[in-house]
Amino acid sequence: MIERKSGHVVNVSSVAGLQAYKGGSVYCATKHAVQAITNSLRKEVVDKNIRVTSICPGLVETEFSVVRFSGDQNRADSVYKGLEPLLAEDIADNILYSTSRPPHVQIAEMLVYPTAQASAEQVHRTQ
């Protein structure tokens, strides 16, 4: 990218990289690190015509919760109960959007929630 003076780095972080929450010490710390790396890199390559974007999703229904709860599928399913979470495809659309902007446009950060989520900790559930 540096040699050709063009490129786009997209890091997928999390709302946890912007807002810490109880019980998320290590996970939030790792996502804050992703944010720091992304923001520093953007400053390091600003003169090289390289764009750097951070995508910060909220609740996305993936295998993340199954892994988080050591394979307990019922507990993982409860994370998304009573709301329509984001899907991996939604995040892919955001990546495509950020990388398809005109060359003079840099989307530095995208915070993406499902409609029922207001923050890392505030989620409206219908059940």
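Taken together, the values in this text are just the output of simple stated rules run on the coordinates, not laboratory data. None of these values were measured; they are calculated from a predicted model. Every residue, glycine as well, gets a Cβ built from its backbone with ideal geometry; the counts of neighbours run over all protein chains shown.
Descriptive notes on the structure:
- In this structure the amide hydrogen of L83, modeled in the peptide plane, comes within under 5 Å of the amide hydrogens of T126, none closer than 5 places in sequence on its chain.
- Here the gap between I95 and L41, fully extended at 0.36 nm per residue and compared with their Cα-Cα distance, gives a gain of 17.7 nm.
- Model label sites at Q122 and K22, defined 7 Å from Cα along the beta-carbon direction, differ in position by 1.6 nm.
- The GluC sites (Glu not before Pro) of the range 49-127 that meet both conditions, a loop assignment by DSSP and at most 15 other Cβ atoms within 10 Å of the site Cβ, are E63, E121.
- Convex hull volume per residue for the range 10-127, taking Cα atoms only, in Å³: 102 Å³
- Spatial offset of the range 15-30 relative to the range 44-62 amounts to 18 Å, using the alpha carbon center of each.
- The label point for K5 and the one for A29, both projected 7 Å from the Cα toward the Cβ, are 4.2 nm apart.
- Straight-distance crosslink candidates among lysines, where the alpha carbon sits under 30 Å from K81 and sequence neighbours closer than 8 are dropped: K22, K31
- Close amide H pairs (under 5 Å, H built 1.01 Å from N) link S119 with no residue at least 5 positions away or on another chain.
- Note, ³J(HN,Hα) from phi for the range 14-26, Karplus 6.51, -1.76, 1.60, rounded to Hz, x at Gly and Pro: 5, 4, 5, x, 10, 9, 6, 9, 4, x, x, 3, 6
- Considering only G82, G23, G58, the mean-square fluctuation computed in a Gaussian network model of the chain, springs between alpha carbons under 10 angstrom, is largest for G23.
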